[in-house]
Amino acid sequence: MSTNQPPSVKQPEERKKVTIQLIQAMKNRCEPISMLTAYDYPTALVMDQVGMDIILVGDSLGMVVLGYESTLPVTMDEMIHHCKAVARGAKTALLVGDMPFMSYQTDTAEAVRNAGRFLQEGGMNAVKLEGGGEREETIRAIIRAGIPVMGHLGLTPQSVHKLGGYRPQGRDAEAAYRLLEDAQILQDAGCFSLVLESIPGKLARLVSDRLDIPTLGIGAGAGCDGQVLVTHDLLGIFERFTPRFVKRYASLAAEMRRAFDEFKQDVREGAFPAAEHTVEMSDDEWQCLEERLDLESSDFVISDRMTR
Ligand code: KIV
């Protein structure tokens, strides 16, 4: 094993594929669950190497990778494209594909078909969708088709316009009570886990204690069964805004700027490429080429060509 690998890195043969049953067993054993978002092959590969429990191909893709203002424009085809790349990289993490806006809200049959695409084409193991009781029938239908579903309550970004912005949810007793009810409905409908986004820590702990299924918190305090962050926030790649609940583990945008700037300077000053970055021909081959060029420039060669 190379020295720059953290101690948690295990060889692939030491790790078992993470299943929804294993995620449930982790909750039962009070073992914290880690989930991060990924949208491409190399990131998924590295996450798998450190033994990430769950990789979510989130529709946050739209904002942190594709540059949209919100997650609303993200399409099924865009999600599937990125799911495929992640599935090529990650072989042991549980892979969850995020159903984009309008892929499950209008029609149950269409929702089941779209959920199916995440498994059949995207190589995912489960799907995630946003919403509470209003999604019950859709969730039941998707699960009846054999597709595990992760729920998502609290700040649900696909409802940003209904919620009036990206603001914490469940802060008054009435809203908190409704969220508890929704959480119970999602569990009863068969969800295998639940994301709780941007809700008070006390409420998230209560939901987590009441439910049998694991909760994954993002901006929901330490009382959840696991934690999830958007990887581009954690790595400091996405600088447009950083939610208060994010912990930055790196400043990669700054590091990228430094590297790109250094490359630009090197090119300008002729410092790149150097000899070690350049392929050369053997002296013999070079001599042959020179001889041939000499011959071709003679009259003989020119007249020879004209007769062909
Ligand atoms: O799209 C996403 O990345 C998400 C996480 C914030 C849970 O839904």
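Bear in mind that the values in this text are calculations on the coordinates, not laboratory data. Everything numeric in this text was worked out from a predicted model, so none of it was measured. In this analysis, Cβ positions are derived from the backbone assuming ideal geometry, glycine residues included, and neighbour counts consider all displayed protein chains.
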If I take R0 = 45 Å and measure r between the Cβ atoms of residue 28 and residue 241 in this structure, what FRET efficiency does the formula 1/(1 + (r/R0)^6) give, to the nearest 0.05? 0.75
Per the rule of 0.36 nm per residue minus the C-alpha distance, extending residue 260 to residue 171 adds in nm 27.6 nm
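Per Stokes-Einstein, at 37 °C and 0.692 mPa s, what whole-number D in µm² s⁻¹ belongs to the stretch 54-110, with the Kirkwood radius over Cα pairs as the hydrodynamic radius?
Details: Rh = 12.0 Å.
In µm²/s, the coefficient rounds to 275.
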Set the Förster distance to 22 Å, then compute FRET efficiency between residue 178 and residue 69 from the Cβ-Cβ distance, nearest 0.05. 0.20
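Once the convex hull of the alpha carbons of the chain is built, what does its volume come to per residue, in cubic angstrom? Present the calculation step by step, with values, prior to reporting the outcome.
Details: hull volume 71.7 nm³, N = 308.
Per-residue hull volume (Cα only) is 233 Å³.
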Identify the residues of the stretch 235-262 with backbone N under 11 Å of a label point that sits 7 angstrom from the Cα of residue 277 along the Cα-to-Cβ direction, or state none. 262
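Could you give the length gained on full extension between residue 209 and residue 40, defined as 0.36 nm per residue of separation minus the Cα-Cα distance, in nm? Write out the running numbers ahead of the final one.
Numbers: separation 169, 0.36 × 169 = 60.84 nm, distance 3.43 nm.
Length difference between fully extended and current span is 57.4 nm.
Using per-residue counts of other Cβ atoms within 10 Å, averaged over each peptide, order 150-159, 73-82 from highest down.
Working: 150-159: 23.7, 73-82: 18.8.
The densest-packed peptide leads the list: 150-159, 73-82.
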Reach of residue 17 by Cα under 29 Å, taken over lysines that are not fewer than 8 positions away in the same chain: 27, 84, 91, 128, 247
Signed unit charges on C-beta, dipole axis of the stretch 1-132, positive-most listed residue 104, 63, 126: 126
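Can you work out the FRET efficiency for the pair residue 108 and residue 159, with r the C-beta to C-beta distance and R0 = 25 Å, to the nearest 0.05?
Values: r = 19 Å, r/R0 = 0.77.
The formula returns an efficiency of 0.85 here.
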